[in-house]
Amino acid sequence: MVSRLSGIGAVSLHTESSTMPAHAAALIIIEASDQLSHQRLHELVGSALPQLARFRCRLVGKPLGLGQPVWAEIDDYDPTPQIHRATVPAPGGRREFADLIAGLTAGRLDRDKPLWEAWSIDGLAGGRWALAVKMSPAISDGIAGVASVWPRLLTIGPRDDPSSHLPPEPSLGTQPSIGELVTDTMQELLANQVTGVWLVAGAVPGVLRAAARRLRGTGEPDPLPHTASSMSGPVPRTVFNAPLTQRRAVAFASIPLAHLKTVNNAFGGSITNVFLAACTLSLRAWLQRHHTVPDHPLLMQMPLALPAADSTTIDNQFTVGRIRIPVQLEDPVQVLTDLHTATERLTTASRSNTEKTVDFATIASLIPPTVVHTGMQLYTGLGLSRRLTPICHGIVSCIPGPPAARYCAGARVVGMHTAAPLVEGAGLNITLVPHGDVMDLSVCVCPDNAPAVNDIATGIVDAVGALLAAAQESPRGEGRSVVSEMTSHTKKGPHTRR
């Protein structure tokens, strides 16, 4: 029995190009310790990651590309060729580390080999070390599965063995024969026909009910406040929608969780809203310096984790929502208010509106890889991203880290980041990794379109500081809040722009 590649990972892999590699990198920054060395970190990676089945496999394509590739475990697998070493240039600060990561993670992985690489990194300021694990979307099922490597590399105590509390994953199968590949291809094509009919049949009742409501002139009641005018309007075209090149730029920053909680306690809403507000204010300031602030809000994609998601395995499940961020607004409290309404609607819709839910992973698995690859080539080759209305401007996501302090190779972990990929027509990616009492963030852009990526990352930190100062001046119950603004914003006049 063979194991097929499926879901988001399959689409990401088949749409890769020289200007749009789809891999992600999980980064761990480790406190200085005499116990650390390249050899020790290489031994840790070499023993821990192959416990995950996909890390010791390669992909085998189907005849004529008519079906999804299958996994084949490599006999007597030796991970040594996938593990390297690197040194951060002096003085070893965040910028130098980010530049190194941008260079190490550039370019696609060789699909004829295991779809991952790792580096032990020295030269960081203060004698710190780092681990970087670059993995194909086929391994991680998109960005959601990046967190699966952390439990394999991290421990609760400095003397714990990471392999002692998680057993190795079972094999995904050996190298299939030609006959097995042909048989599985026929079975896959037949199953796709059945699945396609099932998807259509499942969608028809919802379409008919919606049509009936439209004919009657009625609709379902909306329990949430209406979307503010500042959160609607045409999707503006910005530098983030420009065609991607092969270059990438990355920036890192950290935010104390206590600061986000203080703002949240003062103004209401949620920590997610506070972070999105900080991103909005930072992007507004960046656009003022390097481009033009649009008259309408930006549109961002947000992967929303499903309740059953398990970060210890690779097969994480999530759905994707879209949210407008009002960069045209200057008032931080109004930004928080509008984002609170938008995220409430998004969360409610993702949980309860089954009629509008599309199982994207299932639909994607029905499309042959050659068709997906050809379609993406046509999309980029014809310049459709420049001619059509922008799909979105970027992605904001959160990859859950451990809730308390962790150790790696016996030394304390002081940072955890994820360098995430860009998508054609959406050249901005902001990824947050909460762990312990800190939230580490990473920003990735194409520097040929969006310069000074560090300004965006540090701008988010500065925006949290501004919100924190406002929260300390206006404790909850004594000043403006998200709740009070939600009941009054429709009575206000136009908001201040630029």
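Below is a table of values for the structure above.
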{"item": "Per residue value of the accessible surface for segment 1-131 (all protein chains in place, 1.4 Å probe), Å²", "result": "41 Å²"}
{"item": "For segment 228-297, accessible area per residue (1.4 Å probe, heavy atoms of protein chains only), Å²", "result": "35 Å²"}
{"item": "Gain upon complete extension [Ala86, Gln288; 0.36 nm per residue less C-alpha separation]", "result": "69.0 nm"}
{"item": "Zone residues, segment 121-159, relative to Arg108, backbone N less than 14 Å from point 7 Å out along Cα-to-Cβ", "result": "136-138"}
{"item": "Theoretical gain in end-to-end length, Arg40 to Asp437 [0.36 nm per residue, Cα-Cα removed]", "result": "140.2 nm"}
{"item": "Kirkwood hydrodynamic radius of segment 1-135, Cα pairs, Å", "result": "16.3 Å"}
{"item": "For His42, solvent-accessible area (1.4 Å; no DNA, RNA or ligand), Å²", "result": "50 Å²"}
{"item": "Tensor-based shape of segment 115-171 (alpha-carbon gyration tensor, a/c under 1.5 rounded, otherwise prolate or oblate)", "result": "oblate"}
{"item": "Rough spin-label spacing in nm, given labels placed 7 Å along Cα→Cβ, for Thr19 and Ile271", "result": "3.9 nm"}
{"item": "13 Å Cα-Cα reach of Lys62 towards aspartates and glutamates, excluding residues that sit fewer than 8 places from it in its own chain", "result": "Glu180, Asp184, Glu188"}
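The values are calculated or read from the model by the stated rules, or taken from the named source; none is laboratory data. What you are looking at is a predicted structure, and each value in this text was computed from that prediction instead of being measured. Don't worry about glycine lacking a Cβ; one is built from the backbone with ideal geometry, like all the others, and counts go over all protein chains shown. All accessible areas refer to the heavy atoms of the entire protein, side chains included, with ligands and DNA or RNA removed. Shrake-Rupley method; radii C 1.70, N 1.55, O 1.52, S 1.80 Å.
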